[in-house]
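Nothing in this text is a laboratory measurement; each read-out follows from the coordinates by a stated rule. In this text, all values refer to a predicted model and were calculated from it rather than measured experimentally. Ideal geometry is used to build each Cβ from the backbone, glycine not excepted, and the neighbour counts take in all protein chains shown.
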Amino acid sequence: MSAATISGPSGPRREPLSLGTQLRGRSGRQYTYGKYLAASDSIVRDPEGHEHVLKTISKSEFDYQLGLQKSLAGCPYLRVVTDDIQEHLLYTYDYLSDDVLNAARRKDLTLAIRKCILRDALRGLAELHSRGIVHTDIMARLCEEDNPPHPFVAWTHAVDADFRDVVSKMTRLGPEQCITVGEALEHSWFRNFE
């Protein structure tokens with residue numbers, strides 16, 4: 001649950017935000033606290049009714065992460081901070097109803113659309129890598145299935161052989177054994193749909 005920093009007799013402490021709490025971002029935009037999602041994520045609405053995700057950030061990371069996020073704002077393949085509420089150590093992001101990588105596994109989307117989603121996620125990852133930034137959980141999330149203990153290479157029923165090949169090459173342990181994001185984008189699985 002998102003929490004606000006409240007000053008009290010024993011110093012600052014974190015208290016949960018209440019439903020309907022009004023928050024003002026650095027941009028001047030007003031938000032109304034809506035609902036708790038999970039972990040440190042919550043939903044707020046702006047006056048136009050658009051939903052945004054609130055993420056709680058530790059005080060020691062707030063300014064560093066904000067600078068990092070703002071430096072990536074021009075990349076169309078990354079979702080970055082849209083506003084911040086410094087007094088509560090909160091970032092706002094545009095709300096997406098589903099995780100991008102979950103969307104890439106939806107069977108109601110054509111293979112070409114799912115490849116576009118994955119290709120663009122990898123382009124975002126390549127942008128991070130070009131700036132010396134490592135995103136540590138994207139490949140693990142890409143490789144999850146309903147039964148995570150089974151290795152991705154054993155998913156013969158879930159994905160085609162080319163996709164299994166590119167993901168297997170990207171997820172090898174050890175940097176000298178795994179292909180780069182750039183090499184993955186050149187893989188035949190991504191080239192065969194354009």
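For the pairs 70/115; 35/107; 59/115; 59/107, flag any whose C-alpha to C-alpha distance is greater than 32 Å.
Too far apart for the 32 Å limit: 59/115; 59/107.
Determine, from the Cβ-Cβ distance of residue 178 and residue 51 and an R0 of 41 Å, the FRET efficiency 1/(1 + (r/R0)^6), rounded to the nearest 0.05.
So, using R0 = 41 Å, E works out to roughly 0.65.
With Cβ to Cβ distances under 12 Å as the rule, what net charge do the other residues near residue 114 carry (K, R +1; D, E -1)?
Around residue 114, the surrounding residues sum to +2.
Can you give me the long-range amide H partners of residue 21? Hydrogens built in the peptide plane at 1.01 Å from N, cutoff under 5 Å, separation of 5 or more residues or another chain.
Close amide H contacts, sequence-distant or interchain: 33.
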